[in-house]
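Written below as structure tokens is the structure these notes are about.
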Amino acid sequence: MDLVQLQRQLVEYRTSLYHEGFLDEQYTQLQELQDENNPDFVVEVVSLFFEDSERLLNELTKALEQQSIDFKRVDAHVHQLKGSSSSIGAQRVQKVCIAFRNYCEEQNVEGCLKCLQQVRHEYSLVKTKLESMFQLEQQILSAGGSIPM
Amino acid sequence: MEAAAAAVLPSGSSQELHVLAVDDSYVDRKVIEKLLKISSCKVTAVESGARALQFLGLDGEKGSLGFDGLKVNLIMTDYSMPGMTGYELLKKIKRSSAFREIPVVIMSSENILTRIDSCLEEGAEEFLVKPVKLSDVRRLMKDCVLRGETEGNAGRRFDKRKFEDDNHNHTPSLSSSSSSTPSPPSSPSTTAPFEGDVATSELVSSSPPYSSKRAKLHGHD
């Protein structure tokens with residue numbers, strides 16, 4: 001695939017992610033913060049988000065497996081996940097977190113378990129999509145091109 | 001008065017603002033650090049209120065000099081943190097004679113009126129709803145500059161605050177500044193690099209004049 005095609009593919013892909021609600025304008029904000037002094041800024045922040053999210057998802061799983069669930073603890077983890085997903089613009093993950101927190105407040109175990117499943121799913125989707133997008137960006141850069149905005 | 005991300009001293013030389021950012025989230029620390037660096041600030045990012053107090057040397061006699069000798073001109077802290085919350089950190093800072101003049105900005109993902117009120121009452125300059133944007137940071141920089149450029153308002157602030165408090169009790173709904181305050185267009189993001197020594201000037205830490213933004217927040221015009 002030639003450079004122009006790659007660039008077109010990236011723009012289309014990225015647009016679809018916004019369109020489908022995977023990303024919101026906060027992601028755009030991050031892109032705008034990236035410059036020549038820090039050309040990997042977005043990838044770095046997103047990588048931090050991946051690490052953080054995986055840790056939180058594990059903590060959530062453990063917390064919800066307990067005999068007597070500590071909903072405050074669960075809520076604290078969801079709050080963190082909601083925060084970091086919001087900071088990078090991972091809108092669908094953030095939305096599930098909002099519902100998740102409501103279930104925590106109600107101390108609704110079933111609701112929480114359902115949300116955990118959902119948030120895992122949304123997280124894995126956005127992770128895959130972002131990684132694909134980064135790969136495309138890398139291909140463009142390696143072909144000597146620049147990332148279209 | 002030009003909007004710029006630097007405090008301008010009367011002598012004409014510029015000084016970078018040094019911001020202490022406090023947030024328990026790695027992601028948010030990285031983002032706020034970038035937002036501030038892009039706005040030509042020096043940044044120290046720490047993960048907790050305890051670390052922030054440590055950096056300020058609150059228990060020592062150093063004044064607002066951090067370990068590297070740089071004065072802190074602004075503190076931006078997340079509200080919800082384990083251990084010490086941003087609110088508790090704010091109180092500690094405002095109750096310390098050495099640091100009470102440092103403007104403190106609270107950041108929170110939750111736009112809760114009572115929370116905003118309590119923070120402002122404890123002396124927070126502003127309450128930003130997360131995720132924090134570049135436009136929020138630019139607006140803050142402008143306010144810090146205005147504050148830094150006016151000397152001799154030392155006595156006035158406390159009077160103003162009392163005035164505010166009296167009126168504050170009567171004001172109706174208060175929304176977060178980042179969403180409701182119509183800010184004037186901010187200056188272009190390309191700011192000139194700063195030369196000159198990072199002097200431990202008293203100017204930037206002098207008592208802030210009555211912030212017009214505060215007036216807006218309190219519904220005055």
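Can you sort B:Ile106, A:Ile147 so the residue with the fewest Cβ neighbours within 10 Å comes first?
Values: B:Ile106 27, A:Ile147 17.
The most exposed by this proxy come first: A:Ile147, B:Ile106.
For B:Ser96, nonlocal amide neighbours, meaning residues 5 or more places apart or on other chains whose placed amide H falls under 5 Å from its own, do not occur. Simple point charges give the picture: +1 on the Cβ of Lys and Arg, -1 on the Cβ of Asp and Glu, and for chain A a dipole about the Cα centre of about 460 debye. Per-residue mean of foreign Cβ neighbours for A:27-38 is 3 (Cβ atoms of other chains, 10 Å radius). For B:Ala21, the residues whose amide H sits under 5 Å from its own are B:Thr44, B:Ala45, B:Val46, B:Met76, ignoring neighbours fewer than 5 places away on the same chain, with H placed 1.01 Å from N.
Express in nm, to one decimal, how much length is gained between A:Gln138 and A:Asp70 on full extension, taking 0.36 nm for each residue of separation and deducting their alpha carbon distance.
20.2 nm
Taking 22 Å as the cut-off for C-alpha to C-alpha distance, list the pairs among B:Lys37/B:Lys133; B:Lys37/B:Lys142; B:Lys34/B:Lys130; A:Lys72/B:Lys133 that go past it. Those over the limit are A:Lys72/B:Lys133.
Counting Cβ atoms of other protein chains within 10 Å of each Cβ in B:18-31 and taking the mean gives 5.
Each of A:Thr15, B:Thr85, B:Thr44 has some number of other Cβ atoms within 10 Å of its Cβ, and from fewest to most they run A:Thr15, B:Thr85, B:Thr44.
Taking the C-alpha atoms only, the angle from helix A:71-88 to the longest principal axis of chain A is near 10 degrees.
Can you tell me how the range B:17-147 classifies by the Cα gyration tensor, rounded, prolate or oblate, using a/c under 1.5 as the rounded cut?
Since a/c stays below 1.5, the shape of the range B:17-147 is classed as rounded.
Residues whose amide H lies under 5 Å from that of B:Lys130, counting only those 5 or more places away or on a different chain, are B:Ser108, B:Ser109, B:Glu110; hydrogens are built 1.01 Å from N in the peptide plane.
Each residue of the range B:121-129 was assigned a 3J(HN,Hα) from its phi angle through the Karplus expression (A = 6.51, B = -1.76, C = 1.60, θ = phi - 60°), giving 5, 7, x, 5, 6, 7, 10, 9, 8 Hz with x at Gly and Pro. Farthest towards the positive end of the charge dipole of chain A, among the residues A:Tyr13, A:Cys112, A:Val93, is the Cα of A:Cys112, using unit charges on the Cβ of Lys, Arg, Asp and Glu.
Converting phi to 3J(HN,Hα) with the Karplus coefficients 6.51, -1.76 and 1.60 and the offset θ = phi - 60°, the range A:45-56 yields 5, 5, 4, 4, 4, 4, 4, 4, 5, 4, 4, 5 Hz in sequence order, with x at every glycine or proline. For the range B:21-36, putting each phi into the Karplus relation 6.51 cos²θ - 1.76 cosθ + 1.60 with θ = phi - 60° gives couplings of 9, 10, 7, 7, 8, 4, 4, 5, 5, 5, 5, 5, 4, 5, 4, 6 Hz, in residue order, rounded to whole numbers and with x for Gly and Pro. Taking every DSSP helix (H) stretch of at least 4 residues in chain A, weighting each as -39,500 (n - 2.57) and dividing the sum by the residue count yields a mean residue ellipticity at 222 nm of -27500 deg cm²/dmol. Peptide A:41-53 shows a mean partner chain C-beta count of 3 within 10 Å per residue C-beta. For B:Arg138, A:Arg55, the sequence from fewest to most other C-beta atoms within 10 Å is A:Arg55, B:Arg138.
Coordinate-derived values only; no laboratory data. A quick note: this is a predicted structure, and the numbers were derived from the prediction, not measured. Note: ideal-geometry Cβ built from the backbone for every residue, glycine included; neighbour counts use all protein chains shown.
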